[in-house]
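The values are calculated or read from the model by the stated rules, or taken from the named source; none is laboratory data. Keep in mind that this is a model prediction, so the values were computed, not measured. With ideal geometry, Cβ positions are generated from the backbone for all residues, glycine too; neighbour counts draw on all protein chains shown.
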Amino acid sequence: MDSPQPIIVKRVSRKADGHRGGSWKIAFADFAIAMMAFFLVMWLVTVATPEQLKMVSAYFKDPINFDGGSPHPIDLGGSPTPAPQRTLNELDSGRDQLPELLEQLEPMVPARPEVDELPDKMELRELDLLLQELQNKIDTEPVLQRFRDQILMEFTLEGLRIQIVDAENRPMFASGSPELRPYFEEILLTLADTIAKVPKRISISGHTDAMPYTGRRDYGNWELSTQRANAARRTLLAAGYPEQQVARVVGYADSALFDADDPLNPINRRIDIVVMNKRAEFDMRRQAGAERPQGGSAQADPEGASLDSQSAGDSAPAADELPATPPSERPRNLFDDDSQSLELRL
């Protein structure tokens, strides 16, 4: 007799109700975010003007070379700016104001049809990049690190001004002489190649303190400051700086003191190198009474006379010659009006 087939009973234990997985929550969150982004885009498209929509389209077609007049694809009337008291880098806070230079230049300088668009944003960016490169070089070059306190840079109406000033224990020139000290010569040789990267003309000016020069009867601070500026020019040319980019070499003597409260302060003895913008170059040629293509550079002879390198000895005035500017007409800092100087002491 066959034995009965065993009956197998399978009992499945039921787990207590609880967490059964959260993958659906992640999917739902992604969906919600996508919907929010979609409706945000729809709202922006609705409120944007046709011109703004064209700018958005141009930005996505070529985002690298896009220049639609605004740093944002859609500008709704305001752009976030960092609060000055919360800016971590003081130098960055100064650069944030560069886009506002155009607005401040308009009321200061009379409009002229030939240069009403100058200096433009691209020119300001170019000078700002030069400023950053100079700062990086000062921070990395051992030759410049020792003299960083004597190198001052600021933006003016004429462009980027680089001032190399005297210190009590480190004068740039021999006392009462246009002869450069070796370390000052090294500073100019090191800076020359960086300044030359920007295809703009420069103006070089020499300044003395108020101490009268007594070495010679027919020689004074005017001749001394002019010869010192010319010595700086020769050093730049020796470093390979293009001679055609030197637009002007002048001496101011003690007529434009850096520290007017202390006329004998060593900081008043300085060399100014201004990388000129197009507006300043136009004004220089206009004030000289001649306008012609670039090519000549105003130089100073040992006796302080201004000579044009291409027309020395001609009876007509040099195109790029410009008399020394009185102190009242010196280029002022763009932020002097609101006491917010862009001077950078490195």
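Answer yes or no as to whether E281 is touching a residue at least 12 places away in the same chain (Cβ under 8 Å), under 14 Å from R201 (Cα atoms) and more than 22 Å from the chain's Cα centre (by Cα). Criteria not met by E281. Filtered by the rule that a residue be farther than 30 Å from F282 by Cβ and modelled with pLDDT of 90 or more, region 150-170 gives Q150, D166.
Can you confirm whether R217 is basic (K, R) and surrounded by fewer than 17 Cβ atoms within 10 Å (Cβ to Cβ)? Against the criterion (basic (K, R) and surrounded by fewer than 17 Cβ atoms within 10 Å (Cβ to Cβ)), R217 qualifies. A single member of E126, E186, E141, E158 is under 11 Å from the mean Cα position of the chain (by Cα), over 17 Å from I267 (Cα atoms) and either of a type outside the set (A, V, I, L, M) or assigned by TED's automatic domain parsing to the domain that holds D254 (or both), and it is E126. Assess whether R181 counts as being modelled with pLDDT of 90 or more and within 19 Å of V246 (Cβ to Cβ). So R181 fails the test.
Within region 242-270, residues that are not assigned by TED's automatic domain parsing to the domain that holds K197 reach no partner that is surrounded by fewer than 22 Cβ atoms within 10 Å (Cβ to Cβ) with beta carbons closer than 6 Å at six or more positions or on different chains.
The sole residue among G220, G176 that is in the same structural domain as N265 (by TED's automatic domain parsing) and in contact with a Gly (Cβ under 9 Å, 6 or more places away or on another chain) is G176. Taking the listed residues N230, N277, N268, the one that is modelled with pLDDT of 95 or more and crowded, with 18+ Cβ neighbours inside 10 Å is N230, with no other qualifying. Of all the listed residues (A229, A256), the sole one being among the small types (G, A, S) and outside any helix (DSSP H, G or I) is A256.
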